[in-house]
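Read the structure below first, then the notes.
Every number in this text was worked out from the coordinates using simple rules, so none of it is lab data. Predicted model, so just to flag it, every value in this text is computed and none were measured. Here the Cβ positions follow ideal geometry from the backbone for every residue, glycine too, while neighbour counts run over all protein chains shown.
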Amino acid sequence: MKKICASLVSAALLCCMMILPASASDRADREPAYLQDAQPAMGLVASNERAPEERRALSGILESERGSPGTVGVVRSEAEPVEDEEPPLLVAPYSLEYFDIPIVFNDAVEYFIRFFTVEKRKVFANWLRRSKRYVPMITEILREHGLPEDLVYLAMIESGFNTRAYSPMNACGPWQFIYATGERYGLRVNHWVDERRDPEKSTVAAARYLRDLFRQFGHWYLAAAGYNAGEGRVERAITKHDTTDFWELSKYNTLPRETRDYIPQLIAAAIIAKDPERYGFTNIDYELPIRFVKQRVPGGFTLVSVARASATDVATVRSLNPELLTGITPPDQRQYVIKLPEETSLEDFQSNVVKQEQMERKIKGFATHTAGKKDSVSSIMKRYRVRYEDLMLVNYCETGLKVKPGTVVYIPKFADTGGKKPEVKTAVASLKENREVPAETKKNVRPEAPREARAQVKQTPVKENKAAKTYHIVKKGETLTGISEQYGVDVATLKQINKLKKDQVHPNMRLELVSHPHGKTKASKKYHTVKKGENLSDISEKYGVDVATLKRVNKLKSDRIQAGMKLRLPDAKG
């Protein structure tokens with residue numbers, strides 16, 4: 001009888017073991033350690049694998065008729081952690097209420113907390129240092145658009161709040177917009193400005209984009225994944241694996257590794273940035289919050305004049321307006337809204353702008369030159385008889401003006417300054433490819449492609465008479481500045497053509513001086529043969545002629561042109 005009872009007990013135990021679900025250790029045998037993140041370490045969860053009604057309540061999605069996403073809070077699991085397996089305390093329990101995006105603690109999040117606090121500690125410290133400058137403004141914009149303020153940490157992991165950050169994929173700015181997406185959300189990119197670098201305008205664009213992604217996917221993790229990888233790729237992953245749970249999708253290679261790491265990085269960055277001292281980030285020299293006032297200035301107004309009118313320096317003007325790529329405000333706009341230091345007196349500024357306008361030379365147009373193999377900045381200056389400072393006004397020059405074969409260099413054309421000749425007269429007036437942008441036709445000028453995609457502009461070579469080189473032998477007590485004033489050649493030019501790294505010169509040193517050729521120019525091309533895929537806007541940009549003029553000269557009734565068509569190009573008189 002005892003044997004029969006023992007057999008029955010054994011059979012019952014075997015049935016129970018077959019019915020019970022697999023243990024955590026069993027799951028571990030089938031999943032990599034990095035992906036064992038279905039169960040949060042601290043009992044926090046934000047899962048999409050719930051009933052639609054419950055998921056809507058957890059994520060804070062507003063009713064469809066309201067049409068705007070709400071903030072998302074931390075969701076606590078009812079299950080209590082096992083006492084004998086007490087997890088590491090990644091964040092103080094009392095601070096959980098300060099998060100407005102879902103917070104999940106798992107191996108991936110823990111890994112990136114260690115990554116940011118150990119391996120990339122110096123990098124993250126720089127992110128924190130810059131954060132105080134931009135976070136107040138960004139969170140205010142996110143709040144105005146009805147989005148969780150903690151989405152500010154997307155900008156942190158995207159760029160570290162660096163307005164001038166560029167990626168290998170040509171994404172740019174604090175939110176790392178690529179050109180196409182930025183254009184879709186209203187960010188202008190051309191030779192003069194790149195609004196992806198404007199922290200205010202790019203944040204507005206990012207808020208609109210994230211709101212659209214949230215409406216599409218219904219969860220901030222998927223919205224953020226779509227921001228990183230593109231909504232199409234996330235949609236395909238959801239369809240392929242039949243789940244809207246990001247953590248489930250992250251187990252597969254359908255999403256790129258960068259995107260699978262993106263959400264854990266976001267959570268880790270938010271956790272650390274909310275309480276940096278807890279993770280050893282002390283004595284951070286935080287930047288002051290950005291504060292500014294806005295004022296309109298004329299198009300083509302130099303940043304030097306802006307600085308003088310606002311009683312500040314050019315570096316400050318550039319730091320407040322990182323979207324400006326050259327030394328002037330966009331000349332294709334009648335007026336441009338510029339940011340000034342908060343303490344600027346707007347009344348005094350406007351008065352000073354009027355004075356500066358009367359004093360400075362006005363740029364009314366420009367030519368373009370495509371650098372050849374033997375071209376240098378010095379040779380281009382000689383060829384067009386312009387100063388280095390003139391070239392700096394109309395070219396991208398944050399890191400200094402450099403040319404290499406294929407570089408398109410803009411040559412400024414100045415208006416007459418009331419009979420007073422400029423210090424160095426430019427020769428670009430003799431180039432027939434120069435074109436003004438009249439106020440009445442500015443609306444027809446299409447913004448140019450970004451620098452990396454800008455088409456090279458072909459130009460007929462200009463013949464010049466070679467002038468004999470002149471030299472100066474440095475005498476004792478002379479300085480480069482004195483020699484510059486003596487010969488009317490700016491210091492930067494002297495340093496460049498003599499390959500000087502510093503302003504120091506020594507007695508008996510022989511310095512080459514700039515010689516100004518006096519040559520005649522050939523007429524530019526008269527006709528253009530339309531190539532496949534070209535349109536009037538492309539040809540307009542290529543030759544600096546507005547679309548309306550091209551249509552008038554060629555008697556075109558519409559903007560439609562065909563490959564092989566020969567278009568007449570207007571001369572300098574139009």
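Close amide-amide hydrogen proximity is noted between V409 and H369, T370, A371, each under 5 Å apart and 5 or more residues distant or on a separate chain (H modeled in the peptide plane; Pro and chain starts excluded). Peptides 530-536, 158-164 ordered by packing proxy, namely the average of other Cβ atoms within 10 Å per residue, highest first: 158-164, 530-536. Under the convention that each Lys and Arg Cβ holds +1 and each Asp and Glu Cβ holds -1, the size of the dipole of the stretch 470-513 around its Cα centre is about 240 debye.
Expressed in units of 2.2 N^0.38 Å, where N is the residue count, the Cα radius of gyration of the stretch 470-513 is 0.98.
Centre-to-centre separation between the Cα atoms of the stretch 357-393 and those of the stretch 542-560: 27 Å. Label-to-label distance for D107 and K274 is 2.4 nm, based on points extended 7 Å past Cα in the beta-carbon direction.
Of the peptides 114-126, 553-565, 331-343, the ranking by mean beta-carbon count within 10 Å, highest at the top, reads 331-343, 114-126, 553-565. Extending each Cα 7 Å along its Cβ direction at R143 and T481, get the distance between those two points in nm, one decimal. It is 4.9 nm. Placing dummy labels 7 Å off each Cα toward the beta-carbon, the span from N170 to R215 is 2.9 nm. Taking one equal scatterer on every alpha-carbon of the stretch 94-139, how large is log10 of I(q)/I(0) by Debye at q = 0.23, 0.27, 0.33 1/Å? Here log10 of I(q) over I(0) equals -1.04, -1.02, -0.97. P(r) tail for the stretch 248-298, what percent of Cα pairs lie past 12 Å? For the stretch 248-298, the share of Cα pairs beyond 12 Å comes to 77 percent.
When its C-alpha radius of gyration is set against 2.2 N^0.38 Å (N residues), the stretch 527-568 gives a value of 0.99. Taking the centroid of alpha carbons for each part, the stretch 218-277 and the stretch 120-134 are 23 Å apart. The listed peptides 229-236, 165-172, ordered by packing as a protection proxy, come out as 229-236, 165-172 (highest mean of other Cβ atoms within 10 Å first). What residues of the stretch 326-345 lie in the reach of a label at S537, counting those whose backbone N is under 19 Å from a point 7 Å from the Cα along Cα→Cβ? Within reach of a label on S537, which here means backbone N under 19 Å from a point 7 Å along Cα→Cβ, the stretch 326-345 contributes 331-334. Note on N498 and Y396: with the Förster distance fixed at 30 Å, the Cβ-Cβ geometry gives a FRET efficiency of about 0.75.
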